[in-house]
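The next block holds one structure in the form of structure tokens; read it before the comments.
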Amino acid sequence: MKVIGLAGWSGSGKTTLIVQLIPALVRRGLKVSTMKHAHHAFDVDKPGKDSYEHRAAGATEVMIGSGKRWALMHELREEPEPDSRALIRHMSQVDLLIIEGWKAEGHQKIEIHRPSHGKPLIQPEDDQVVAVASDEALPGLPVPRLDLNDVEAIADFIVAHCGLESKAGTQRARKGAAE
């Protein structure tokens, strides 16, 4: 399974780009999954639901399933927060796993950078940044600069960089996007 991260400061457009990239990559015949880091407490369940009550009662893991999907919730309790590598081991094998966040970890990533936000580039401090997607020119950048507004070009870069073969054919994928 190939892994590429999308990293950047809050508000840079990581989620927006991922939501646009997924269909562009799927049109190329690739199976894509995502993994997102949250810097805050979150819950995918609701008080009063049976699965929530199982966790509240002390269950370490609760799996819920239906005819449409399943989800496994794992309570860390007193365990340390796992890093991205530990969580990747729980993911099903697909062609490409896109990781949002975890900007300080060691996987290869594309930095999402908007100079107008006034935040510094991550790339000079992180040798795992293989390209920067930006909405402005970035003179002197030692890695490729991708146009943040050209999702198809970013998808092409990911396919080439990760050594993935487009199963649907890039020409066909681009044609379908234009229709």
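The values are calculated or read from the model by the stated rules, or taken from the named source; none is laboratory data. The shown structure was predicted, so the numbers you read here are calculated from the model rather than taken from an experiment. Backbone-built Cβ (ideal geometry, glycine too); neighbour counts: all protein chains shown. Please note that ligands, DNA and RNA were not included when accessible areas were found on the heavy atoms of the full protein model with its side chains. Shrake-Rupley method; radii C 1.70, N 1.55, O 1.52, S 1.80 Å.
The table that follows gives values for the structure above.
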{"quantity": "With every protein chain in place, the stretch 9-162: carbon and sulfur % of accessible area (1.4 Å)", "calculated": "53"}
{"quantity": "Ile22 - accessible surface, heavy atoms, 1.4 Å probe, Å² rounded to 10", "calculated": "50"}
{"quantity": "Mean Cα-pair separation over length for the chain, i.e. relative contact order, pairs under 8 Å, 6 or more apart, %", "calculated": "34"}
{"quantity": "Within the chain, longest stretch clear of exposed trypsin sites (Lys or Arg not before Pro) (DSSP loop, no more than 16 other Cβ within 10 Å)", "calculated": "90-166"}
{"quantity": "Ratio of the Cα radius of gyration of the chain to 2.2 N^0.38 Å, where N counts its residues", "calculated": "1.16"}
{"quantity": "Cross-link table Lys49/Lys119; Lys31/Lys119; Lys31/Lys103; Lys36/Lys119, entries beyond 30 Å C-alpha to C-alpha", "calculated": "Lys49/Lys119; Lys31/Lys119"}
{"quantity": "Values of log10 I(q)/I(0), in the order q = 0.15, 0.18, 0.22 Å⁻¹, for the stretch 44-113 under a Debye, Cα-only, solvent-free model", "calculated": "-0.71, -0.92, -1.10"}
{"quantity": "Label-point separation in nm, Val26 to Ala38, each point 7 Å along Cα→Cβ", "calculated": "2.3"}
{"quantity": "Ellipsoid equivalent to the stretch 72-173 - semi-axes via the Cα gyration tensor, in Å", "calculated": "27, 22, 11"}
{"quantity": "Accessible area in square angstrom per residue, the chain, 1.4 angstrom probe", "calculated": "61"}
